[in-house]
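**Q** Here it is, the structure, as structure tokens.
The values are calculated or read from the model by the stated rules, or taken from the named source; none is laboratory data. Fair warning: this is a prediction, and the values are worked out from it, not measured in the lab. Every residue, glycine among them, receives a Cβ derived from its backbone with ideal geometry; neighbour counts consider all protein chains shown.
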Amino acid sequence: MKRRVAEVIVVEGRYDKNTVAQAVDATVIETSGFGVFSDEEKVALLRRLAAARGLIILTDSDGAGFLIRNHLKGMLGGTNVKHAYIPDVRGRERRKRAPSKEGKLGVEGMSPEVIVAALERAGATFTIDNEQLTIDNSGTGDAPFTKADFYALGLTGTRDSSARRAELLARLSLPSRLTANGLLEVVNLTMTRAEFSALVADM
């Protein structure tokens with residue numbers, strides 16, 4: 001039985017929508033790719049949905065996906081908007097003759113398990129018999145990591161910080177294009193300070 005997600009999930013296109021619908025029971029809205037850039041009605045709808053139910057943005061891990069995600073982030077602000085990320089996986093979707101320009105699978109190429117895991121990491125609200133079950137990824141209630149912590153751990157501000165972040169993103173199955181701020185957000189949602197410190201110390 002598919003788990004129900006309370007928030008509205010925003011994806012790029014219809015094939016992504018079909019994939020998400022196979023993984024969870026949710027309302028899924030398409031951006032029509034870059035079409036959302038000039039669709040004021042769609043943006044207005046997304047704002048209303050964010051206020052009423054909350055949104056989870058789930059785009060591909062390539063450059064186009066991040067461009068759409070960042071556009072939506074700017075248009076919608078941070079209120080009631082969560083971000084779910086799929087990992088970088090090399091390959092080609094079945095329906096396509098050739099891989100994408102960057103050679104990565106998009107949302108439509110992900111398994112239901114990967115979709116559910118991405119939604120869990122984003123803090124999706126799953127419901128069972130109308131009871132909300134928010135996935136609590138806040139660990140033990142530790143103080144959240146800050147940009148200063150990332151600097152102290154050598155993840156920003158040093159000559160090799162980009163390489164260290166790239167290694168960390170790969171270990172966490174996160175897209176290579178994720179910014180330091182995006183990584184900080186994901187870490188605070190999914191790991192305790194002890195877990196993250198141990199992971200970084202092992203690098």
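**Q** Hey, among Val24, Val11, which residue is at pLDDT 95 or above, more than 26 Å from Asn181 (Cα to Cα) and in contact with a helix residue (DSSP H, G or I) (Cβ under 8 Å, 6 or more places away or on another chain)?
**A** On the way: Val11 fails: more than 26 Å from Asn181 (Cα to Cα).
Exactly one residue qualifies, and that residue is Val24.
**Q** Let me ask something additional. For segment 42-56, does any single residue satisfy the condition of being closer than 21 Å to Leu174 by Cα and either buried (at least 17 other Cβ atoms within 10 Å of the Cβ) or touching a residue at least 60 places away in the same chain (Cβ under 8 Å) (or both)?
**A** yes
**Q** With segment 53-129 as the region, which strands (runs of 3 or more DSSP E) entirely inside it contain at least 2 residues that are modelled with pLDDT of 95 or more? First the steps, then the outcome.
**A** Values: elements: 55-59, 81-85, 125-128.
Qualifying strands (runs of 3 or more DSSP E): 55-59, 81-85.
**Q** Okay, next question. For the condition outside the structural domain of Leu178 (by TED's automatic domain parsing) and either among the small types (Gly, Ala, Ser) or within 22 Å of Phe126 (Cα to Cα) (or both), what is the one hit in Asn70, Asn18?
**A** Working: Asn70 fails: either among the small types (Gly, Ala, Ser) or within 22 Å of Phe126 (Cα to Cα) (or both).
The conditions single out Asn18.
**Q** How about segment 17-40: which of its residues are more than 19 Å from Val81 (Cα to Cα) and within 16 Å of the chain's Cα centre (by Cα)?
**A** Within segment 17-40, Thr19, Ala23 meet the criteria.
**Q** In addition: Taking the condition assigned to a loop (DSSP other than H, G, I, E, B) and either among the charged types (D, E, K, R) or at pLDDT below 90 (or both), does Asp149 pass? Write out each step before concluding.
**A** Working: assigned to a loop (DSSP other than H, G, I, E, B): no; either among the charged types (D, E, K, R) or at pLDDT below 90 (or both): yes.
No; evaluated as a whole, the condition is false for this residue.
**Q** Restricting to segment 165-186, name every residue that is under 12 Å from the mean Cα position of the chain (by Cα) and in a helix (DSSP H, G or I).
**A** Gly182, Leu183, Glu185, Val186
**Q** Taking the condition surrounded by fewer than 21 Cβ atoms within 10 Å (Cβ to Cβ) and more than 19 Å from Ile115 (Cβ to Cβ), does Arg4 pass? Outline the logic, then answer.
**A** Details: surrounded by fewer than 21 Cβ atoms within 10 Å (Cβ to Cβ): yes; more than 19 Å from Ile115 (Cβ to Cβ): no.
So Arg4 does not fit the description; no.
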